[in-house]
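Here the structure is laid out as structure tokens; the discussion comes afterwards.
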Amino acid sequence: MNLHVSGHHVTVTTSIRNFLDGKLTRIKKHFEKVIDVNVILSVEKHQQKAEITVHVSGKDIHVESVDMDLYAAIDSVVDKLDRRILKHKESLQARPHDALKHQVQEE
């Protein structure tokens, strides 16, 4: 999993990067096919915004959260991402993937 963290009007410190990496381990537990994770942290007046875009096989998942505290915004956005990843995983498991050549046609 490639993790890219960028900040708009905020410096991304090692403690923020370590906090993000620790929180994103939940995503790795639920869904192993994560290819790329892009995190954008920004500050607008007194609001802290965290956006995460996850590229998984076959789909891009984007979530965002706004809070007064940056760490609270990161917690909230990772919770949202966790729910979306589980929903995506369940939808993949619910679909039968029978190939057409393996289906027996009765005549």
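The values are calculated or read from the model by the stated rules, or taken from the named source; none is laboratory data. For clarity, every value in this text was computed on a predicted model and none was experimentally measured. Reconstructed Cβ throughout: ideal geometry from the backbone, glycine too, with neighbour counts over all protein chains shown.
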Practice prompt. Might you check whether a residue that is among the β-branched types (Val, Ile, Thr), closer than 29 Å to GLN93 by Cα, in contact (Cβ under 8 Å) with a residue 24 or more places away in the chain and in contact with a Ser or Thr (Cβ under 8 Å, 6 or more places away or on another chain) occurs anywhere in region 18-27?
Written response: no
Fill in: Pairs with Cβ under 9 Å, 6+ apart, first in region 84-95 and under 13 Å from VAL63 (Cα atoms) and in contact (Cβ under 8 Å) with a residue 12 or more places away in the chain, second among the hydrophobic types (A, V, I, L, M, F, W, C) and outside any helix (DSSP H, G or I)
ARG84/VAL54; ARG84/ILE61; ARG84/VAL63; ILE85/PHE31; ILE85/VAL34; ILE85/VAL54; ILE85/VAL56; ILE85/ILE61
Discussion item. Consider region 24-39. How many of its residues are within 24 Å of THR11 (Cα to Cα) and outside any strand (DSSP E or B)?
Written reply: 2
Practice prompt. Would you be able to tell me the number of residues in region 14-59 that are at pLDDT 90 or above, more than 12 Å from VAL78 (Cβ to Cβ) and charged (D, E, K, R)?
Written response: 2
Worksheet item: Would a scan of region 56-65 turn up a residue that is within 14 Å of the chain's Cα centre (by Cα), in a helix (DSSP H, G or I) and either of a type in the set (Phe, Trp, Tyr) or farther than 25 Å from THR11 by Cα (or both)?
Response: no
Worksheet item: Can you tell me which of LEU3, LEU41 is of a type in the set (A, V, I, L, M) and surrounded by 16 or more Cβ atoms within 10 Å (Cβ to Cβ)?
Response: LEU41
Worksheet item: Just checking, which of SER42, SER15 is part of a strand (DSSP E or B) and either more than 22 Å from ARG83 (Cβ to Cβ) or touching a residue at least 40 places away in the same chain (Cβ under 8 Å) (or both)?
Response: SER42
Worksheet item: With (1) out of contact with any Leu (no Cβ under 8 Å at 6 or more places or on another chain); (2) closer than 18 Å to GLY7 by Cβ; (3) part of a helix (DSSP H, G or I) as the list, and ILE74 as the residue in question, which single condition is left unmet?
Response: (1)
